[in-house]
Amino acid sequence: MTTTIHDARAQGEQTQITQEPPGPDAGAYDEMPVPNMSMDSGELVFDIKGLGVSYGDFRAVRDVDFPIRSNEITAMIGPSGCGKSTVLRCLNRMNDLIDTARVEGLVEYHGVDLYHPSVDPVAVRRRIGMVFQKPNPFPKSIFDNVAFGPRVGGVRSGLDDIVEQSLRKAALWDEVKDRLKDSAFGLSGGQQQRLCIARALAVDPEVLLMDEPCSALDPIATTHIEDLMQDLKAEYSIVIVTHNMQQAARVSDRTAFFTTEKDADSVRPTGVMVECDRTEMIFSTPVDERTENYVTGRFG
C-alpha cells in the first residue's frame, strides 16, 4: 500500500515520495510504497531518537535525540569532529553514498522512518534539499543550474516560471535576470551560494539542509545568506551546521550543541549531542555545564 505524503506547506495539496524516474523523458514518477502512516503530524517535521553513525570500526557520533520543527531554523554547533555534518547528512540519507557508513537509531520524517527498506533515498532527497559548505554550481548557465533538478524529475513545461520563482526566493533574480544564459561561474561567491539555494528550491522541497553555508563567504555575502534564511523559514524548515556561534545566535530558533567524548576502550573520540533547546536558552541558561563552557569560550 502506498502512503500519500501531505505537504505541510500547502493547504490540502498532496505530494508523494516516489521512485527515481526511468529516464530523462519520463513524466510522472512511479509511486513508492512506504509504511502506512499519516504524514500530517502538525509542526514536528523530524523526530530523531538514538541516532548513531559509524564509518567502518569508527563510531563517529552516538546518542543523538532532538526534534526539528516546521518553519524554524535549527542550528547545530560544536567543535570540529563532533558529528554535526554527519548528523545533517543523515536527514536526507546522504551517508548512504559512503560505503562504510552505518546508521543506527531512528530518523522519523513526519512519522515515517526514513531508513525503512521501502523508502527510496532519491525521493527523500527531493523533499529534503541540501546546500553545501562551498558553492558548487554546475558548469552550466545560470538558467540551466536552476532548471537541472526539475528536468531530471521529468518536468518539460513551465521551466521559465520555476527558474524565476526559485531565483526570486533566493533573492537573486534582480541580479541575474538579464544574464540567465551566462555561465554560473561568472557569479561572485555569495551569488553562487544563493544560486545553489535556488537550485535546491527548484524541486520544491519542504526542508533545506545547510552545511556551513557561509564559511567561504565574506561578511557582506554572509549577511545576505542570513537574511535569506530568515525569509525562507516562512515556507521551509531549515537545519544549519555552523562553527560561528554568533551566527547561530542571530539566525536560529533552536540550537543543538554537540561535543566529543573518548571512551576508555576507544582510540578516537566520539561525537555526542549534549543538549537541544530554544536558542536563547542555550546561549543564556544552558542546562549542561559543557554547553556553558563552549558558548562562553572556555573550550572549543
Computed log₁₀ I(q)/I(0) - Debye formula, equal Cα scatterers, no solvent, the stretch 82-189, q 0.23 Å⁻¹
-1.24
Within a 10 angstrom radius of the beta carbon, how do K84, K181, K140, K233 rank from fewest other beta carbons to most?
K181, K140, K233, K84
State, as an integer percentage, the relative contact order of the stretch 211-281 based on alpha-carbon contacts under 8 Å between residues 6 or more apart.
26
Ranked M229, M281, criterion: other C-beta atoms within 10 Å, fewest first
M281, M229
When you have a sec, figure out the Kirkwood radius of the stretch 188-270 from all distinct Cα pair distances and drop it here in Å to one decimal?
14.4
Considering only Cα-Cα distances, which of the following residue pairs are longer than 25 Å: K134/K262; K140/K233; K49/K262; K49/K134; K140/K169; K84/K181?
K134/K262; K140/K233; K49/K134; K84/K181
Using the number of other C-beta atoms within 10 angstrom as an exposure proxy, rank D99, D144 with the fewest first.
D99, D144
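Normalised by the residues of the stretch 166-266, what does the relative contact order come to in percent, with Cα pairs under 8 Å and at least six apart?
RCO, the stretch 166-266: 27 percent.
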Whole-Å distance linking the alpha carbon centroid of the stretch 233-282 with that of the stretch 206-220 is 15
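Each reported figure results from applying straightforward, stated rules to the coordinates on display, with no laboratory input. Predicted model, so just to flag it, every value in this text is computed and none were measured. All Cβ positions, glycine included, derive from the backbone under ideal geometry; neighbour counts span all protein chains shown.
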